[in-house]
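Notes for the one structure printed next.
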Amino acid sequence: MKSIKSKEVSVLLIGPFNEPFDYLIENNINGLDIGQIVLAPLGSRKVVGIIVSEGSKKYPIEKLKKIINVYDINPIPTSSIDLVYFLASWYCVYIGLVLKMVLSPLEAITSPILNKIYKINLSDYPNGNSIDHKKITSKRKVILDYLSNFDEGKVIEDLIKDTGITKNIIKDMLKKGFIKEEWVKLESTTSPDLINESVKNNQNLKILNEHQKSAIETINVSIKKSSPDCFLLDGVPGSGKTETYFDTVQTCLDENKQVLILLPEIALTPDWQKRFYDRFNFNPLVWHSDITQKKRKEIWLAALNGSAPVIVGARSALLIPILNLGLIIVDEEHEPAFKQEESVRYHARDMAVYKALKASSPIVLASATPSLETFHNMKLGKYIHLTLPNRATGAEMPEIKLLDLKLHPPKKGHWLSPILIDEIKTRLIKKEQSLLFLNRRGYSPLTLCRSCGTKVNCKNCDTWLVEHRSDSILVCHHCGFKKFISNVCEFCGEKDQMQSCGPGVERITEEVKKYFPEANLITLSSDTMKSQSILTDAINKIKNGEVDIMIGTQMIAKGHDFPNLKLVGIIDSDIGLSGGDLRASERSFQLLQQVSGRSGRHALNKDDKGLVILQTFDPENPIIKAIAKNVRNDFFEKELISRKNAGMPPFGRLAAIILSCKSEKNLDIFASKLSREIPLFHNVKIFGPAPAPLHFLRGSYRRRFLIKSHKTVNLQQVLLDWVKKVKTPANIKLNIDIDPFSFM
Ligand code: ADP
Ligand code: ZN
């Protein structure tokens, strides 16, 4: 931490700013550091910011305003400040807005952590004269007796948990004056889940295989030397990657350093959290969009003051300032969920690599099917390749069969080929589990009127409404618009002509029920698994063998380890293979490979090995073939060649500009103004404006420019100079998307 010597300081404020402002600090304040969080005046407002350097000395001292407050919190580490600047410049967003993400939750800084506690409000309880004993019902007595043991009071959660009395009764007692509430400062900022003594007392250690050991040794060297090396931990599903990185987490704990683990969908990984707990005997601090504000404050402060050993979170956890970072792990690094697609559009994996570099900490990118970018970096020698080639349990890899639907078609209006049905039957007889995978939520993706051909569209978006039959509704998966299912066509008025076209998981479940009425089924999608506890429950049931057949979306494709699962049936392997998207083939490959990896993870001999059946209309498709033959690297090499020939990432650079507006006319006027100013640069090509594939979304029209350039071009500068030339009207939204993932 660099300390500040001067009385003039430059402060970067949160908000739409790209430059810090100069301020003065009071004479009696000494020992401030870079990164110190302060409150400063800005016009008539007071704004939080951080000290980024000594003053610029550009202004006479008497013109400078004074800092209002210096918060009594650790300064933001310089590695985090570097990240703020880099992320902002890479993704063309205001530095102050990225800072806002780092200082979120702001309440952790501006308001001390307070807890509401409850105390007895009857001074002479239980025997005094002031007490009207008739009013002390048995339930009230339980609360009062309990609280009489705790002069310091109790928080409501404990009160409910320990007495079993409901919140309503407690609130009523408060209203009637039996008890009172007070706000007190939290003693410790670390999570109560944290059991420090047991941090080093780990459990459930596996005997690691040679590949795991060698990977761990390599990473450990970097941890101990604080060397910012980037590792690709590359192993087939079930090869023990998680087990391996857990070991490196332990190394960090032994070194008293903190670990940041990024997972694509943390809210949906109770399984992972349980495994962590079993191994380490404490819970990591879990950060994602659904945690309470209070929890958020605690985690943020514990990360910054160094008391949280392990922080695990979804992509936004990247921005948590961590005092003593010793290791970053990005699990399933290829997942598109690491790219944020709204407001500040950033890629958490890419920025994590930068964060690690600046914090002098190694980073491990783990995946069974790395992104092409990462694979390429590994080939260039920028990332160190660590491989785990076999399943860790010693299980055989599953057999993969292509099922040509042209030769073995399902019955009309059905989706399961007789061959797949037979295989499911065999597993049922053997009391083994099957998983049917279809990456489509709901019952059916399209409803059509047989009489006039009208498709039921969303009123806010240019998309079909998806039928969710169990809820009797049609839903837009883009904006959430809903309406009840009706048997009358809104266009032609004809009755009973509405037809559901194509399947979603709900429909597959219906079909499986018909074939196997006795079997225990479970449908796993974000619609059926609405909360973490429902999902945990479902996963436990599957593990305990209470489920015979699972039907699921990508939610079930990843991470889970179901020992008795022996058959994976992929209902439609062709989804996603076509489409103009840069990453369409890469992503299909990744998803199919991952789902396949669920099969037979604990099969101990050849006869017992798992089976994967890919239903397809296109068995000659190179992606399908690569999956069937299990030749990942060949596929990646070919894909890299085709990207290279097209000048696409990772060989060239891409960016998009997305314009949106409620008025299509105004949008087109602005788009053509912008297109008249298209800069002419060597090695830069700009396509568009074109209507976006989703050209009407959430009530706004959308146009896109696609910008492609050589790797050597400073694409961000080109874009910023270009859009500066035309003033963007207030009713038009202009978004720059660097390294775009979504082309919609
Ligand atoms: P991945 O993260 O690569 O999918 P995991 O770490 O989840 O793999 O390991 C897959 C399964 O193998 C888990 O059940 C895990 O407990 C087990 N496992 C991992 N390493 C070993 C080992 N060295 N010996 C025995 N079992 C192991
Ligand atoms: Zn919609």
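The values are calculated or read from the model by the stated rules, or taken from the named source; none is laboratory data. What you are looking at is a predicted structure, and each value in this text was computed from that prediction instead of being measured. Note: ideal-geometry Cβ built from the backbone for every residue, glycine included; neighbour counts use all protein chains shown. To get the accessible areas, we keep the full protein, side chains included, count just its heavy atoms, and leave off ligands, DNA and RNA. Shrake-Rupley method; radii C 1.70, N 1.55, O 1.52, S 1.80 Å.
Per-structure values
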| quantity | calculated |
| --- | --- |
| Filter result (assigned to a strand (DSSP E or B), away from ligand 2 (no atom under 14 Å from the Cβ) and closer than 25 Å to W415 by Cβ) within region 469-500 | M498, Q499, S500 |
| Flag for K119 being in a strand (DSSP E or B) and open to solvent by 20 Å² or more (accessible area, probe 1.4 Å) | yes |
| Close pairs (6 angstrom Cβ cut-off, 6 or more residues apart or separate chains): assigned by TED's automatic domain parsing to the domain that holds N324 in region 208-233, in a helix (DSSP H, G or I) and among the basic types (K, R) anywhere | L233/K241 |
| Only listed residue being among the hydrophobic types (A, V, I, L, M, F, W, C), surrounded by fewer than 19 Cβ atoms within 10 Å (Cβ to Cβ) and assigned by TED's automatic domain parsing to the domain that holds G240, chosen from I363, I291, I320, I328 | I291 |
| Selection status of L262, at pLDDT 90 or above and either within 16 Å of ligand 2 (Cβ to nearest atom) or crowded, with 23+ Cβ neighbours inside 10 Å (or both) | yes |
| Options T218, T244; residue that is open to solvent by 30 Å² or more (accessible area, probe 1.4 Å) and either of a type in the set (V, I, T) or within 16 Å of ligand 2 (Cβ to nearest atom) (or both) | T218 |
| Qualifying residue in region 687-701 (condition: of a type in the set (K, R) and buried (at least 17 other Cβ atoms within 10 Å of the Cβ)) | no |
| Checklist (1) in contact with a helix residue (DSSP H, G or I) (Cβ under 9 Å, 6 or more places away or on another chain); (2) outside any strand (DSSP E or B) applied to P689, failing item | (2) |
| Residues (touching a Phe, Trp or Tyr at 6+ places or on another chain (Cβ under 8 Å) and either open to solvent by 20 Å² or more (accessible area, probe 1.4 Å) or over 12 Å from I424 (Cβ atoms) (or both)) located in region 498-509 | S500, P503, G504, E506, R507 |
| Scan of region 76-100 for residues that are under 22 Å from the mean Cα position of the chain (by Cα) and open to solvent by 50 Å² or more (accessible area, probe 1.4 Å), ordered by number | F86, W90, L97, K100 |
| First in region 679-693 and of a type in the set (K, R), second anywhere and open to solvent by less than 60 Å² (accessible area, probe 1.4 Å), Cβ under 7 Å, 6 or more apart | K685/K708 |
| Filter pass, K708 being in a loop (DSSP other than H, G, I, E, B) and open to solvent by 20 Å² or more (accessible area, probe 1.4 Å) | no |
| Helices (runs of 4 or more DSSP H) enclosed by region 131-181 - at least 3 residues per element that are touching a Ser or Thr at 6+ places or on another chain (Cβ under 8 Å) | 138-147 |
| Test: residue in region 527-542 that is over 19 Å from E265 (Cβ atoms) and assigned by TED's automatic domain parsing to the domain that holds V595 | yes |
| For L674: the one exception among (1) part of a strand (DSSP E or B); (2) away from ligand 2 (no atom under 16 Å from the Cβ) | (1) |
| Residues within region 511-532 that are in contact (Cβ under 8 Å) with a residue 12 or more places away in the chain and part of a helix (DSSP H, G or I), tallied | 4 |
| Filter result (charged (D, E, K, R) and farther than 28 Å from E664 by Cα) within region 448-496 | R450, E467, R469, D471, E494, K495, D496 |
| Filter result for the condition that a residue is open to solvent by less than 20 Å² (accessible area, probe 1.4 Å), under 29 Å from V612 (Cβ atoms), within 11 Å of ligand 1 (Cβ to nearest atom) and modelled with pLDDT under 95, over P270, P237 | P237 |
| Lone qualifier among S80, S10, S3, S53 - being closer than 30 Å to P740 by Cα and among the polar types (S, T, N, Q) | S80 |
| Given (1) modelled with pLDDT under 90; (2) open to solvent by 80 Å² or more (accessible area, probe 1.4 Å); (3) more than 16 Å from ligand 1 (Cβ to nearest atom), index of the condition N204 fails | (3) |
